[in-house]
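As structure tokens, the structure follows; a few thoughts come after it.
The values are calculated or read from the model by the stated rules, or taken from the named source; none is laboratory data. This one's a predicted model, so the numbers in the text were calculated from it and none came from an experiment. As a convention, Cβ positions derive from the backbone with ideal geometry for all residues, glycine included, and neighbour counts pool all protein chains shown. Ligands, DNA and RNA are excluded from the accessible area calculation, which covers all protein heavy atoms including side chains. Shrake-Rupley method; radii C 1.70, N 1.55, O 1.52, S 1.80 Å.
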Amino acid sequence: LNSENRDYFILSKGHGCLGLYAVLNDIGVISKKELLKCGKFDAQLAGHPEHIVPGVEASTGSLGNGLPIAVGIALGLKLKKKNNKVVVLTGDGEINEGSVWESFLHISKHRLDNLYIVIDYNKFQSYDKVKSVVSLESLHDKIKSFNLNVFEVNGHDMREIEKLFKKVIKLKNGKSTVIISHSVKGKGIKSAENSRYWHHKSNLTKEEIRSISEDLLWEKNALKWFIN
């Protein structure tokens, strides 16, 4: 985990940390016991990732901070003439932050072709649709104007995502790559899909828990079919 030759992953949209924790558990970095304690008093795993957690490169959650951190790491690696790669995942509502667009300026200036930026574009943020708060369209054209590689992908198709990453890591044009990942907020949970009311949700009713469990079971069986 601490090898100088490692690649880096920064979860800029820190509120998506449950997915990161699940991956870290799956690869044996954090225990299942610790995973099940997530969010409890004195637990190591909190509602936003902290760098004290093994496998977490940076404490994030203050929106707009993860990309500048990733830019700093990528630039440092360039100066040291190292070949490590840096991947950062941001949210679409998060890129309302000015620090993100300032980062794009630096990425372009320093030709950080070791940096890969994924934008989770589900078109929602905490309290409304992105287009109702601050519209990002045309997001592709805006990012392209910084002289960066820009691709779009179905954020729920792992084969498509894997194929695209295999393609972009072979690019040798001196540009950073931005992947606009189109996704559905709350995908797989019927009651939560495309609903801003589930951005912050607690005190679930027994009926809600039952419905979610049924949806997750279907998704699990569908995933087995997909893999096989």
Only one residue in I161, I209 is aliphatic (A, V, I, L, M) and touching a strand residue (DSSP E or B) at 6+ places or on another chain (Cβ under 9 Å). Which one? I161
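Which is surrounded by 14 or more Cβ atoms within 10 Å (Cβ to Cβ) and closer than 30 Å to R6 by Cβ, of L148, L136?
Values: L136 fails: closer than 30 Å to R6 by Cβ.
Going through L148, L136 in turn, just one is surrounded by 14 or more Cβ atoms within 10 Å (Cβ to Cβ) and closer than 30 Å to R6 by Cβ: L148.
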Mind checking which helices (runs of 4 or more DSSP H) fall wholly inside segment 46-137 and carry at least 3 residues that are polar (S, T, N, Q)? 98-110
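Which one is farthest from D92 (Cα to Cα), of the residues in segment 169-188 that are surrounded by fewer than 17 Cβ atoms within 10 Å (Cβ to Cβ) and among the hydrophobic types (A, V, I, L, M, F, W, C)? Outline the logic, then answer.
Of the residues in segment 169-188, the ones surrounded by fewer than 17 Cβ atoms within 10 Å (Cβ to Cβ) are 169-174, 182, 184, 187-188.
So of that shortlist, the ones also among the hydrophobic types (A, V, I, L, M, F, W, C) come out as 169, 171, 184.
Details: I169: 23, L171: 25, V184: 12 Å.
Among them, the one singled out is L171.
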Condition set in contact with a helix residue (DSSP H, G or I) (Cβ under 7 Å, 6 or more places away or on another chain) and outside any loop (DSSP other than H, G, I, E, B), scope segment 166-211, selection farthest from L112 (Cα to Cα): answer is I180
For segment 1-22, give me each residue that is under 17 Å from V86 (Cβ atoms), part of a helix (DSSP H, G or I) and hydrophobic (A, V, I, L, M, F, W, C). L20
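So, of the residues in segment 30-46 that are under 18 Å from K13 (Cα atoms) and in contact with a helix residue (DSSP H, G or I) (Cβ under 7 Å, 6 or more places away or on another chain), which turns out to be surrounded by the fewest Cβ atoms within 10 Å (Cβ to Cβ)? Can you show your working first?
So in segment 30-46, the residues under 18 Å from K13 (Cα atoms) come out as 38-39, 45-46.
Cutting the leftovers down to in contact with a helix residue (DSSP H, G or I) (Cβ under 7 Å, 6 or more places away or on another chain) gives us 38, 45.
Numbers: C38: 17, L45: 23.
Looking at the filtered set, the residue picked out is C38.
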Might you check whether a residue that is under 24 Å from S135 (Cβ atoms), in contact with a Phe, Trp or Tyr (Cβ under 8 Å, 6 or more places away or on another chain) and crowded, with 20+ Cβ neighbours inside 10 Å occurs anywhere in segment 59-71? no
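Each row is one residue, and each column tells you yes or no for (1) of a type in the set (A, V, I, L, M); (2) closer than 20 Å to I180 by Cα.
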| residue | (1), (2) |
| --- | --- |
| V56 | yes, no |
| G72 | no, no |
| K81 | no, no |
| V87 | yes, yes |
| F124 | no, yes |
| S138 | no, yes |
| S145 | no, yes |
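Out of the residues in segment 99-117 meeting the condition of being open to solvent by 20 Å² or more (accessible area, probe 1.4 Å) and under 20 Å from the mean Cα position of the chain (by Cα), tell me which one is nearest to K13 (Cα to Cα). Talk me through it step by step, then tell me what you get.
Restricting attention to segment 99-117, the residues satisfying the condition of being open to solvent by 20 Å² or more (accessible area, probe 1.4 Å) are 99, 101-102, 105-106, 108-111, 113.
Subset that is under 20 Å from the mean Cα position of the chain (by Cα): 99, 101-102, 113.
On the way: S99: 14, W101: 16, E102: 17, D113: 22 Å.
This residue is S99.
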Listed by first then second residue, the pairs whose first member lies in segment 189-201 and is touching a residue at least 60 places away in the same chain (Cβ under 8 Å) and closer than 20 Å to G47 by Cα, whose partner is exposed (fewer than 14 other Cβ atoms within 10 Å of the Cβ) and among the polar types (S, T, N, Q), with beta carbons under 8 Å and at least 6 positions apart or on separate chains, are R196/S126; H199/S126; H200/S126
